[in-house]
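Visitor: Provided herewith is a single structure, encoded as structure tokens, for subsequent inquiry.
The values are calculated or read from the model by the stated rules, or taken from the named source; none is laboratory data. Computed from a predicted structure; not experimentally measured. Cβ coordinates were reconstructed from backbone atoms using ideal geometry, including for glycine residues, and neighbour counts include every protein chain displayed. These accessible areas exclude ligands, DNA and RNA; they are computed on the full protein's heavy atoms, side chains included. Shrake-Rupley method; radii C 1.70, N 1.55, O 1.52, S 1.80 Å.
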Amino acid sequence: MTTSRARSFDTAAARYDAARPGYPPALFDAVEELAGRPLADAAVLDVGAGTGIATRLLRDRRARVTAVEPGDGMADRLRRTTPGVPLVRATGDALPFAPATADLITYAQSWHWTDRTRSLPEALRVLRPGGALALWWNIADSDVPWVAAQEERFARHLGGAAHGTPGQGDTLPPGTPRAERRIRWSRRIPLDTHLAHLATHSLLLTTEPGAARAFLDRERTSLLAQFPDGTVTEPYTCLLYTSPSPRDV
């Protein structure tokens, strides 16, 4: 099930790229602070790069970034939207890179799809002395009433969470050195974009199409009562965890 859900994004790569949120500049400031070096000229592997949403932002900070993505549809979209950035078809569980060749390894919204018993040793093998592993997720702020209500509807009708859970960083093994930041931010988007964003979540992508459409139709009705002008403010906390190369601990 985990594999089928992870690969379900390939069927919706264009919609994923158009509707998924990016990340605030403060996130990359925090990455630089916790990693102890600027992104500019850093050799970065963006693993589970998807359609390149984080890859492009890392490139814009002048990192020398290589995208690592296993999925056919996601990789094809990344090639189209992010020309000039090297793309390697692989997973974090088996990185095809020599030891001590990366300053930073990033997982934007993708670490939880890996086998951490393999992906963590692989990341530490490929990091240079002084390097760091950085994991981050956008988590919808469930302290906001409409977000909490939507999460409850997701759980009731689809059996899972819509927007991730606050404990994502707990997927690092106990005792792994880590630092943490929480960055609050939001975006204002049309209701149609919000619904398109929901439609790219793995629970809906792996649900029978008729049932997924019915759920999204009900969401439209519920949200129009909250946002009658058709504009939704999505509130997020971006959770960031970094872990240094063990040679620096």
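Visitor: Order 101-112, 19-30, 194-205 from most to least packed using the mean count of other Cβ atoms within 10 Å.
Guide: Working: 101-112: 23.4, 19-30: 17.9, 194-205: 19.8.
In descending order of packing, they fall as 101-112, 194-205, 19-30.
Visitor: With the cut-off at 1.5 for a/c, could you classify region 1-136 from its C-alpha gyration tensor as rounded, prolate or oblate?
Guide: Verdict is oblate for region 1-136.
Visitor: Okay, moving on. With every protein chain present, what is the per residue accessible area of the chain (1.4 Å probe, Å²)?
Guide: Per-residue accessible area for the chain comes out at 44 Å².
Visitor: Another one. Using a 1.4 Å probe on the protein heavy atoms, what percent of the accessible area of the chain belongs to carbon and sulfur?
Guide: 53 percent
Visitor: From the P(r) of the chain, can you give the percent of Cα pairs sitting at distances over 27 Å?
Guide: 35 percent
Visitor: At what distance in nm do the modelled label points of V144 and A18 sit from each other, each positioned 7 Å from its Cα along Cα→Cβ?
Guide: 2.3 nm
Visitor: In addition: Provide the per-residue ³J(HN,Hα) series for region 231-240, in order, calculated from phi with Karplus coefficients 6.51, -1.76, 1.60 and θ = phi - 60°, each as a whole number of Hz, with x at glycine and proline positions.
Guide: Couplings: 10, 10, 9, 8, x, 10, 10, 8, 8, 10 Hz.
Visitor: Further question: Within region 14-39, what residues put their amide N at less than 12 Å from the label point 7 Å along the Cα-to-Cβ vector of D60?
Guide: Counting backbone N atoms under 12 Å from the label point, the list is 22-28.
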